Amino acid sequence: MANKRWFQVGVAILLTLLIIFMFMKVKSIFSPLVIIGQTIFMPLLIGGVLFYLTRPLLKWLESKKTPRWASILSVFIVIGLLGWGFYALVGPPLTKQVNTLVKNTPEIVKDVEQLTQYVFAQQDRFPESLQKTIDEVSGRVDTIAVATGSLLIKFIQNVFQGVFLLVLVPFFLVYMLKDHEKFAPFVANFFKGDKRTWIRKTLADIDDTLRSYIQGQLFVSFLVGVMLFIGYFAIGLQYSLLLGLFGMMMNVIPFLGPYIALVPAIIIALIQEPKMAIYVAIIMLVSQQIESNFITPNVMGKSLDIHPLTVITIILAAGNIAGLWGIILGVPTYAVVKSVLKNIYVHRESIKDAATESV
């Protein structure tokens, strides 16, 4: 029975759960390591994202016989120029809109309360089923309004606070660009024979998965943010640049991101002019249709090959486990695990085929 696959898988699951249980019991011992991990997590994550975004430029420069040190320096110069250009172009109007939003937040909350009170005053004219729905959410409307406003403000605050943690990002990025080819051989050297080959192939597949996801998802999110800004600006929506940038950031979250980005835009539109909310919804619908039917298939293709229902399940589960970071990192983590398991399955099947042929 010990040779049965189901038995081995069951034992592996039990051992994993036991290790997790024991870790939770003694996690206080590892608290210094957790603090260190939390400190370097954000710079390491941003450095990794920048690495996958700038590696094509690095490879192109090296293909032109540019030395590695000069290529890395060129990459940083390009990043600096793009950052300066973005700040010069977007910084002043974005800062103005942020300050205006922070100043007007109490008034926005008050307007939302008045709008909801008007809706409740007219609910006798609504169908009975709609009246029940309104009654159910009436106690939560103020909370939703305040939470939506605070979400935008917290997002803005975190962006500015995160600047102080970015000092480490250049150091991580330099060493990633300089020594990224050495990682796979270093890990593979701990193994021999077929296992070494398998490890290198698995790491290459993981690298390809992360590259496809990061480059594709960020490029798609950028295009969606541009479309939202153009649409919001065209209809005269207030805070159009800020809402477009927020929509671009939220689009990084698969499936749920566009709906999160729609909430503050709808609220601002309702306060500014009720009929404008319809235009906002149309703009979001059109941008999502363009993104899902034209942009994403051509940019990302089927590189991850994850069913939409699986994506929803991953987001909900990861969100309950790890909050916002779980929502953001759940899908790429699943894609990496799927790539590893796929390689394990192929490796086991190749061993079986080799054993069958030898017999």
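The values are calculated or read from the model by the stated rules, or taken from the named source; none is laboratory data. Model, not experiment: these values are computed from the prediction. For neighbour counting, all protein chains shown are included, and Cβ atoms are generated from backbone atoms with ideal geometry for every residue, glycine included.
The table below gives the values:
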| quantity | calculated |
| --- | --- |
| All helices (runs of 4 or more DSSP H) inside region 191-295 with 3 or more residues being closer than 30 Å to HIS347 by Cα and either under 22 Å from the mean Cα position of the chain (by Cα) or of a type in the set (A, V, I, L, M) (or both) | 193-234 |
| THR310 among the hydroxyl-bearing types (Ser, Thr, Tyr), at pLDDT below 80, surrounded by 12 or more Cβ atoms within 10 Å (Cβ to Cβ) and within 22 Å of ILE260 (Cα to Cα) | yes |
| Residue within region 257-264 that is hydroxyl-bearing (Ser, Thr, Tyr), under 26 Å from VAL98 (Cβ atoms) and either in contact with a helix residue (DSSP H, G or I) (Cβ under 6 Å, 6 or more places away or on another chain) or surrounded by 16 or more Cβ atoms within 10 Å (Cβ to Cβ) (or both) present | no |
| Residues that are over 16 Å from THR209 (Cβ atoms) and either crowded, with 16+ Cβ neighbours inside 10 Å or touching a Lys or Arg at 6+ places or on another chain (Cβ under 7 Å) (or both), drawn from region 45-61 | ILE46, GLY47, LEU50, THR54, LEU58, LEU61 |
| Residue under evaluation MET227, criteria (1) modelled with pLDDT of 90 or more; (2) under 28 Å from LYS110 (Cα atoms), criterion not met | (2) |
| Selected residue (only one of LEU228, LEU245, LEU241 is free of Cβ contacts under 8 Å to residues at least 60 places away in the same chain and either buried (at least 19 other Cβ atoms within 10 Å of the Cβ) or of a type in the set (A, V, I, L, M, F, W, C) (or both)) | LEU228 |
| For LEU223: the one exception among (1) on the phi < 0 side of the Ramachandran plot; (2) in contact with a Leu (Cβ under 7 Å, 6 or more places away or on another chain) | (2) |
| Selection from region 174-211 of residues that are surrounded by 12 or more Cβ atoms within 10 Å (Cβ to Cβ) and among the polar types (S, T, N, Q) | THR197, THR202, THR209 |
